[in-house]
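This report refers to the structure that appears directly beneath it.
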């Protein structure tokens, strides 16, 4: 077994960890805001914009799978 | 489970075809034309023809069908600009630039999902068609043009002095102002790269995921690839929205000078509300 397979596995695992936590925090914050103030539900589109900013990190990790 | 995967993989000679970079098709006067450029021109032509015909068919009384869809998209963009700039007049003025960017990115993403785009049609051994947004050069060009437009509009709205004051805000006798201003200019440059990378990676990785699941599905490829194609339809529209939304946010941040005003009283209320 070649070692770069192991490297790719470790990179995917740890690299996806941060963005996953980040997107979860965004979702929980949005739900909290809607729960406290139902008027805030109209900002649902903004949530996707912030998620896209976080998602870039996860995509960079996934793209480097094909480079190393 | 693992054995089944190995058996399926053994029946195929090679893995899924994965391309990160576009391939060169032919040269015109020493200028290489890649497959993504070729498909980008086709998409632009299609979009221009469709949108011009739709604009001519537009009437005051709403029509059914495709015209209404384009109207909904344009109205959506105008509403988004109005929300972030706070003025309907400005929104209608800036809408054409952002609406064309939105429709171009969305149609490029969606036309990239058509059958025949990718490995199916080849020219001299290289794939003939490749979605324009699945090429870093293309998205980098698009984001550079959008950011240059943002700077141009900001200079025209505020004048050159006001534009520079946006970067070098604060007391001009303080050397820290210049240091922070350089960082502001640098962050404007990183926005180009982040816009381009986000669009490129989303589309290119969508293509790769579809290729991988078509390969893993083997004989059942239509069933395994269908959910990801539907997901990519959603992601394509979402990325077009995010691309335009972020540029609108950068523009409204560049032409607005509300960061000088201090908020009074509200912060104290928020503090008490949080502790209560």
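The values are calculated or read from the model by the stated rules, or taken from the named source; none is laboratory data. Keep in mind it's a predicted model, so treat the numbers as computed, not measured. Cβ placement follows ideal geometry from the backbone for every residue including glycine, while neighbour counts extend to all protein chains displayed.
Descriptive notes on the structure:
- Residue match in segment B:83-100 (condition: surrounded by 18 or more Cβ atoms within 10 Å (Cβ to Cβ), touching a residue at least 12 places away in the same chain (Cβ under 8 Å) and touching a strand residue (DSSP E or B) at 6+ places or on another chain (Cβ under 9 Å)): no
- Screening the candidates B:77, B:8, B:28 for the property of being at pLDDT 80 or above, touching a helix residue (DSSP H, G or I) at 6+ places or on another chain (Cβ under 6 Å) and on the phi < 0 side of the Ramachandran plot yields one hit, B:77.
Conditions (1) surrounded by fewer than 13 Cβ atoms within 10 Å (Cβ to Cβ); (2) within 14 Å of chain A (Cβ to nearest Cβ); (3) touching a residue at least 24 places away in the same chain (Cβ under 8 Å); (4) under 27 Å from residue B:239 (Cβ atoms), marked per residue:
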residue: B:147; (1), (2), (3), (4): no, no, yes, yes
residue: B:151; (1), (2), (3), (4): no, no, yes, yes
residue: B:162; (1), (2), (3), (4): no, no, yes, no
residue: B:176; (1), (2), (3), (4): yes, no, no, no
residue: B:179; (1), (2), (3), (4): yes, no, no, no
residue: B:191; (1), (2), (3), (4): no, yes, yes, yes
residue: B:194; (1), (2), (3), (4): no, yes, no, yes
residue: B:205; (1), (2), (3), (4): no, yes, no, yes
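- Odd one out for residue B:201, checked against (1) within 20 Å of residue A:65 (Cα to Cα); (2) more than 22 Å from the chain's Cα centre (by Cα); (3) without any contact (Cβ under 8 Å) to a residue 40 or more places away in the chain: (2)
Each row is one residue, and each column tells you yes or no for (1) away from chain A (no Cβ under 13 Å); (2) at pLDDT 90 or above; (3) under 13 Å from the mean Cα position of the chain (by Cα).
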position: B:212; (1), (2), (3): no, no, no
position: B:216; (1), (2), (3): yes, no, no
position: B:220; (1), (2), (3): yes, no, no
position: B:227; (1), (2), (3): yes, yes, no
position: B:231; (1), (2), (3): yes, yes, no
position: B:234; (1), (2), (3): no, yes, no
position: B:240; (1), (2), (3): no, yes, yes
position: B:244; (1), (2), (3): no, yes, yes
position: B:254; (1), (2), (3): yes, no, no
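- Residue match in segment B:105-113 (condition: at pLDDT below 90, outside any helix (DSSP H, G or I) and under 16 Å from residue B:35 (Cα atoms)): yes
- Of the residues B:49, B:72, B:78, the single one that is within 20 Å of residue B:147 (Cα to Cα), more than 14 Å from chain A (Cβ to nearest Cβ) and free of Cβ contacts under 8 Å to residues at least 24 places away in the same chain is B:78.
- Residues of segment A:12-39 classified as exposed (fewer than 14 other Cβ atoms within 10 Å of the Cβ), assigned to a helix (DSSP H, G or I) and more than 10 Å from chain B (Cβ to nearest Cβ), total: 16
- Odd one out for residue B:172, checked against (1) within 24 Å of residue B:21 (Cβ to Cβ); (2) free of Cβ contacts under 8 Å to residues at least 12 places away in the same chain: (1)
- Summed over segment B:220-232, the residues that are exposed (fewer than 15 other Cβ atoms within 10 Å of the Cβ) and within 17 Å of residue B:120 (Cα to Cα) give a count of 2.
- Scope segment B:14-24; condition more than 14 Å from chain A (Cβ to nearest Cβ) and under 25 Å from the mean Cα position of the chain (by Cα); matching residues: B:22, B:23, B:24
- Boolean, residue A:62 is within 11 Å of another protein chain (Cβ to nearest Cβ), in a helix (DSSP H, G or I) and modelled with pLDDT under 90: yes
- The number of residues in segment A:1-50 being in contact (Cβ under 8 Å) with a residue 24 or more places away in the chain and closer than 21 Å to residue B:79 by Cβ comes to 1.
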